[in-house]
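As structure tokens, the structure follows; a few thoughts come after it.
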Amino acid sequence: MRDPRLRCDLPEVLLIAIAVALGTMLATLRSFSPALDPEHPYGTRYGTKMSQGPEEWLIRDFFQDRRGGFFVDVGANHYRDNSNTYFLEATLGWSGLAIDPQARFADGYRQHRPRTTFLPVFVSDRPGEIDFHVPLHNPGVASADRTYVAGVDQIARTDRVPTLTLNQILKQARVGQIDLLSMDIERWEPKALAGFDIRRFQPALVVIEGHAPIRQKIIAYMHEHSYVVAGKYWTVDLKNLYFIPRGADEPPLDSSADRHE
């Protein structure tokens, strides 16, 4: 019988894509979202959260509220609101990098996130400049992908912002190994991953938003670089993908918290 912890390898790449696609369809058909359900099992265990969805709960679960880790938050946005890393720093003493081209967020990090270095740059596959589209109502969906932003909200303005690769940023910041890589840059994730040597920095957990048009590219990159989907969180968060190094121990299953139907 197959181990229920769902360690994913090459023969399962298509299975992953199919399952995630079905999960997205299921989320659309549901009248509620697990992330917003006040009786969600992870909410019962971990309480309130700052992340938009269940990301904070699942990150805490994976690291078992370990103290003093290091994160890289790509597409960090506001220092607290919808943040995947605020709790890690404020409560568990983590430190890290917050990367977002919207420089207006810098003051919030300076005042409230002393362990975090905020970098006002956009992560892509090469250094240079790029058009960055800021929506009128929701700064959280700002992106270099104009089609995506225009499909979600009215574009308020387009800024010309600097780009660097993630490798360049980490080298300049003298970062060694990463505990958590969180990435949410609205369909630009494959470009950001193309400029990242994941084998060198070896994040223990990668949490990355997986929009349908680019999801397979993310899965292919991770497979090529020996990362697999953490099966425990596969159906808990239908918006993001959670990757761990191939061969690493899966977080233990807990039937009381890992099934939410």
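Readers should treat all values here as calculations from the given coordinates under stated rules, not as data from a laboratory. Remember, it's a predicted structure, so these values are computed and weren't measured experimentally. Backbone-built Cβ (ideal geometry, glycine too); neighbour counts: all protein chains shown.
The stretch 226-240 and the stretch 157-175 have their alpha-carbon centroids 27 Å apart.
If a/c stays under 1.5 just call it rounded; otherwise compare a/b with b/c (prolate if a/b is bigger, oblate if not). Do that for the stretch 102-261, with a ≥ b ≥ c from the square roots of the Cα gyration tensor eigenvalues. In terms of gyration-tensor shape, prolate.
Add +1 for every Lys or Arg and -1 for every Asp or Glu among the other residues with Cβ under 9 Å from the Cβ of ARG113, and state the total. Surrounding charge for ARG113 is +2.
Need the list of lysines near LYS49 for cross-linking: C-alpha distance under 22 angstrom, and skip anything on the same chain fewer than eight residues off. Within the straight-line limit of under 22 Å, LYS49 reaches these lysines: LYS232, LYS239.
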